[in-house]
Amino acid sequence: MTRSRLRAAIPWITLGLALAWNAWYVGRYGANIPRADEWRDVSVLLGDQPLTLEWLWTPHSVHRIPLPRLVRFSLYRLSGRDFRSALVFNVAVMALASALLIRVAGRLRGGPSALDASFPLLLLGPGHYLTFLWAFQVQFALSAALFFAAVALVVWKEGAPSPRALALLALTLALQVLTGANGLALALPLMIWLAIALVRLRTQRSSSWWMAAALCFTAALAVVLYPAGLGAAGSLPPPWLAVQTFLQFVSTGLAAGERLWLPRALILISLTAFALFALVRAFRRSPSERWRASGLLACFAAVLLVAAFVAVGRAELTIGGGLHARYTTLAIAFVCLVYVTFVLYPSGGMARIVPRLLVALTVLTASVATLHARGYGEFRLAQLVALETDAQRGLPVEVIAARNGPAIFQYSQGTSTYLRRLLAHRSWPFEDYRPDPRVRAQVIARQTLPLDALTVRDLARDGRGFRPTGPHPQILIRLPEAQQVAGIELRYTLDGARGRLMRLEVRWDRAGDRDPTFPPGSRIGSFPVYATSRPQTVTTWIYEAVDTVRIDPDRAALRLETHEIVLLKLAPDWTR
């Protein structure tokens, strides 16, 4: 193989390797069970409720997601009722988008380049571990793929776009609007660009032009109808917090996570600024490039608008609201757009440096993300094995739900209702489920634990309360000996920012003489909490022998006061 052919093959070889990695990853760690937001749609997927237009258009928080819902419903039914089919779909659409971008970059450059291997690393890299293990992420994967298809249509040819290209772009944007608020943001600037193009090219009113106009009107109508029924908008976050969340979202374009998020954000913002300058210069200097340059400017505006949506919507909900791993699937658009810009307009020293810099950053962050992806995969696998083991033991559904809540839902409440739906359809892990009549789960005693015997980490005592002083605040309780425990009641008050969602976690272990480790995948009770001056009570259901309990307050809390901690004790022979 000649050197030129090898350079041309490297992006496709990388794409093949990335596909192989994700096939293994989904096959090993993918779960055939819904999780978190998916449960809101399970009744329709299982057939307990009918598929209707009303259900498709029903809001999900601030999102309307008729297209992702229809895709997940179709995949579930066509796959023989396997929830993992959506995971395969997420990988497939990102692979198709990666292949398209490789083709686009080669066309713009006039030939392939080994540097185009950055596309499969960006779109199929391990940084998307949450997207490829969570079926609900069809929303983001489909939205990202449609956006990259729109980018390809915008830059495909020099000069004014053809009516056929406009029709395809209009179809892409009409579908994009139906993928949620993220799709709405990605579509709006390009819809404006499309409308201008339709007006400017109205002398070419062929059937394709009329189709583009009709689809553009349909997308605009969906945008107008979108807010109806979503409820009143919340208050705007403080400007500094919105800017911080905006930058956090941008940083996930290279990698998710708290470490070094600000340098990552500043690097991408700087590169975006260089790209925008190159586009403005091309627009002013070359009349034949004005359509493509303005189209790419609209694409950048779309991604910046998504970041602004996240900044306004997530800033006051959680600390680090813009750093969630699922945002990587949307934020990689910053990197891809910068790369395409300098492939299209390669004049100047920056045009030679930037693509190589992006490839280096992509390889570096993908290497680090591989560790996070494996760690998260093993964590999920441990959760699934524990869930399946409890079902095979024949424990009551309520007990299974109590012990495995965060594996099923984001938090611990309401999980028994979800599991009963699966049990009714004999879905995994209940295909051969038989309740064990020997199990007795009654509580025989309540034991109040002494609050003065607590051990703390990254917390400062403040009377009967604690104030976080570090990144990992913990309250540790060691029992004199292992006891059969049904659950733990915690009565508390919490000070914090008004309206901010925080998380309170309770972990347990049977450590014996060793130090408690609470490894990833260990049992955990997780609760959404808000600041409150009135004592609240949460109950973590355990149903096993424990000698160590750990309470993890949210580090965003200003002060946690523990009023009472109670062990709900089981009979020693409760499982006999």
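The values are calculated or read from the model by the stated rules, or taken from the named source; none is laboratory data. These figures come from a predicted structure and were not determined experimentally. Methodologically, a virtual Cβ is constructed for each residue, glycine included, from the backbone with ideal geometry; neighbour enumeration extends over all protein chains shown.
With respect to the conditions (1) of a type in the set (A, V, I, L, M, F, W, C); (2) surrounded by fewer than 22 Cβ atoms within 10 Å (Cβ to Cβ); (3) in a loop (DSSP other than H, G, I, E, B), V354 falls short on a single one, namely (3).
P112 falls short on exactly one of the conditions (1) outside any helix (DSSP H, G or I); (2) without any contact (Cβ under 8 Å) to a residue 24 or more places away in the chain, and that condition is (2).
Let's see how each residue does on (1) surrounded by fewer than 18 Cβ atoms within 10 Å (Cβ to Cβ); (2) over 21 Å from the mean Cα position of the chain (by Cα):
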residue	(1), (2)
L6	yes, yes
L15	no, yes
A18	no, no
Y25	no, no
Y29	no, no
P34	no, no
V42	no, no
L51	yes, yes
E54	yes, yes
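Taken as a whole, the stretch 34-52 holds no residue that is in contact with a Leu (Cβ under 7 Å, 6 or more places away or on another chain) and of a type outside the set (A, V, I, L, M, F, W, C). Taken as a whole, the condition of being aliphatic (A, V, I, L, M), more than 30 Å from P227 (Cβ to Cβ) and modelled with pLDDT under 90 does not apply to I102.
A quick yes/no check of all residues on (1) outside the structural domain of L296 (by TED's automatic domain parsing); (2) in contact with a helix residue (DSSP H, G or I) (Cβ under 7 Å, 6 or more places away or on another chain); (3) farther than 17 Å from R356 by Cα; (4) in a helix (DSSP H, G or I):
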{"residue": "R81", "(1), (2), (3), (4)": "no, no, yes, no"}
{"residue": "A86", "(1), (2), (3), (4)": "no, yes, yes, yes"}
{"residue": "V91", "(1), (2), (3), (4)": "no, yes, yes, yes"}
{"residue": "A95", "(1), (2), (3), (4)": "no, yes, yes, yes"}
{"residue": "I102", "(1), (2), (3), (4)": "no, yes, no, yes"}
{"residue": "A105", "(1), (2), (3), (4)": "no, yes, no, yes"}
{"residue": "S118", "(1), (2), (3), (4)": "no, yes, no, yes"}
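Taking the criterion of being assigned by TED's automatic domain parsing to the domain that holds L504 and of a type in the set (S, T, Y), would at least one residue in the stretch 404-416 satisfy it? Scanning the stretch 404-416 turns up no residue that is assigned by TED's automatic domain parsing to the domain that holds L504 and of a type in the set (S, T, Y). Considering (1) part of a helix (DSSP H, G or I); (2) farther than 17 Å from V335 by Cβ, the lone condition that E158 does not fulfil carries the number (1).
Scanning the stretch 304-326 turns up no residue that is surrounded by 24 or more Cβ atoms within 10 Å (Cβ to Cβ), of a type outside the set (A, V, I, L, M) and at pLDDT 90 or above. Within the stretch 16-32, residues that are assigned by TED's automatic domain parsing to the domain that holds L96 reach partners that are crowded, with 18+ Cβ neighbours inside 10 Å and polar (S, T, N, Q) with beta carbons closer than 8 Å, at six or more positions or on different chains, in the pairs A18/S98; N32/S427. For the stretch 383-429, a tally of residues being out of contact with any Pro (no Cβ under 7 Å at 6 or more places or on another chain) and assigned to a helix (DSSP H, G or I) returns 30. The single condition from (1) hydroxyl-bearing (S, T, Y); (2) in a loop (DSSP other than H, G, I, E, B); (3) crowded, with 24+ Cβ neighbours inside 10 Å that T341 fails is (2).
Taken over the stretch 449-473, the criterion of being outside any strand (DSSP E or B), loosely packed, with under 13 Cβ neighbours inside 10 Å and not polar (S, T, N, Q) is satisfied by P450, D452, A453, G463, R464, G470, P471, H472. The C-beta contact set for the stretch 421-448 (first residue loosely packed, with under 13 Cβ neighbours inside 10 Å, second residue in a strand (DSSP E or B), distance under 7 angstrom, 6+ apart or interchain) comprises A445/K569; R446/V566; R446/L568; Q447/V566; Q447/L567; Q447/K569; T448/E564; T448/V566.
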